[in-house]
Structures are given as structure tokens and as C-alpha cells.
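S.K.: Please read through the structure below; I'll follow up with questions.
Quick note: the coordinates plus some simple rules give every number you see, no bench work behind them. These numbers were taken from a predicted model, which means no experiment stands behind them. Cβ: placed from backbone, ideal geometry, glycine included. Neighbour counts: every protein chain shown.
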Amino acid sequence: MTTTTYTVRPAQATDIPAMFKLVQELAAFEQAEHEVINTEAQLLQDGFGEQPLFQALVAEHQTHIVGLLLYFYSYSTWKGKSIYIDDFIVNIEHRHAGVGSLLFNAMLQIAERQAITKLHWQVLNWNDPAIQFYQKQGAILDNEWSNCALNRQQIQNLVSTLK
């Protein structure tokens, strides 16, 4: 998918440094830089190794990657084949230029081609521009469900009690 100045394409292994830079930019925007424990090397292994765990679309302006939509497949026992969008980032200098729409539309086309029954993601409740974008797309923002997570240390602690 292309506009006059932006192109969206599947990510390649050589895109990892630029992708990781966008991940770090998102973490800074969310004031959570300290929470990024992933590395470029791990991202490369996890996305382009023997058993890829994710796929991604990138948006380019000239030869620079300025947007990223990283996703993976999941399964809903109620809905069937699903895609979870983990990160959706547009470089701050390229926001409001239609880059987010290009990435999201490319994701919609993938979901349609693959008969995906559920496309889902999260958005921080204070990120008004993102919320407005998603509402404009017709997304349902669900305030009924709570997010649950365990970090690596918590997993290790719990597993140690199983022995």
C-alpha cells in the first residue's frame, strides 16, 4: 500500500534496528522506558528466527522506517482465528500524515484475506489521540475487562513453589 510519500510493506530482518528504535520511542511516549527489557537481538530471533513469534508491517518515508504495526496470531475459543496487535507506532514527526491509517488499513486487508474473526489490541486510557483514531475506525473500547499479567520474576517465583 502506498501514498505519494509513504509505503507500507512487511517487515524484514534488516528493519530490526529501526523497529526497535520505534519501540523505544513508544516507551518514552508512555513514560515507561525502564520497562523495555527486550533487545534488538531478541527481536530479531523472535521475529525472524526458526519459529517466528510475530509479524510486522512497516511504513517507510523515502528510505526511513517511520511506522510499525507488530502483530501475532492468537485464538479465541468464542471467535476463532484472531490477530493481536501488540504495538502500533508512528514516529512523532510523521503523525497526522495518514501513516497510521495506511498501517491499519494494511492490517485490515491481511485480516480480511485470512478470514480473521477478531482483531484486538490495547490502548492506554489517557492516549486520547489513539482512542479517537480507534473510535473513528469503529472499534469498540471495552472497559469491562481488566488486563492481567505476570512478569518474568513473578513467573520464576511461582514456578519455584511448584517443586
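S.K.: Can you tell me which of 23-32, 50-59, 153-162, 74-83 comes out highest on packing, and rank the rest after it, using the mean Cβ neighbours within 10 Å? Kindly include the intermediate steps, with their values, before the conclusion.
M.R.: On the way: 23-32: 14.0, 50-59: 15.9, 153-162: 8.7, 74-83: 11.9.
Packing proxy ranking, top to bottom: 50-59, 23-32, 74-83, 153-162.
S.K.: Which order, highest average first, do 9-15, 120-126, 42-48 follow once you tally other Cβ atoms within 10 Å for each residue and take the mean per peptide? Walk me through the numbers before you get to the answer.
M.R.: On the way: 9-15: 14.0, 120-126: 12.3, 42-48: 16.9.
Those peptides, ordered most packed to least, come out 42-48, 9-15, 120-126.
S.K.: Can you give me the orientation-averaged projected area of the convex hull built on the Cα atoms of the range 28-118, in nm²? Intermediate results must be reported in sequence, preceding the final value.
M.R.: On the way: hull surface 30.5 nm².
Computed as one quarter of the Cα hull surface, the answer is 7.6 nm².
S.K.: Assuming a ≥ b ≥ c are the square roots of the Cα gyration tensor eigenvalues, decide whether the range 18-64 counts as rounded (a/c under 1.5), prolate (otherwise, with a/b larger than b/c) or oblate.
M.R.: Numbers: a/c = 2.43, a/b = 1.15, b/c = 2.12.
Note, shape of the range 18-64 comes out oblate.
S.K.: What are the membrane-span-like helices in the chain by this rule: whole DSSP H runs, Cα extent along the axis at least 15 Å, mean Kyte-Doolittle hydropathy at least 1.0? If you can, show how the numbers build up before the last one.
M.R.: Working: long enough: 16-29 (19 Å, 1.19); 99-113 (21 Å, 0.81).
Within the chain the helices that satisfy the rule are 16-29.
S.K.: Summing +1 for each Lys or Arg and -1 for each Asp or Glu, what net charge is found among the other residues whose Cβ lies under 10 Å from the Cβ of residue 67?
M.R.: On the way: positive: 95; negative: 60.
Residues close to residue 67 contribute a combined charge of 0.
S.K.: Which of the lysines could a cross-linker bridge to residue 81, judged by Cα under 27 Å and excluding same-chain residues fewer than eight apart?
M.R.: Within the straight-line cut-off, residue 81 pairs with 118, 136.
S.K.: Compute the label zone of residue 54 within the range 105-146: residues whose backbone N is under 15 Å from the point 7 Å along Cα-to-Cβ.
M.R.: So the set is 120-123.
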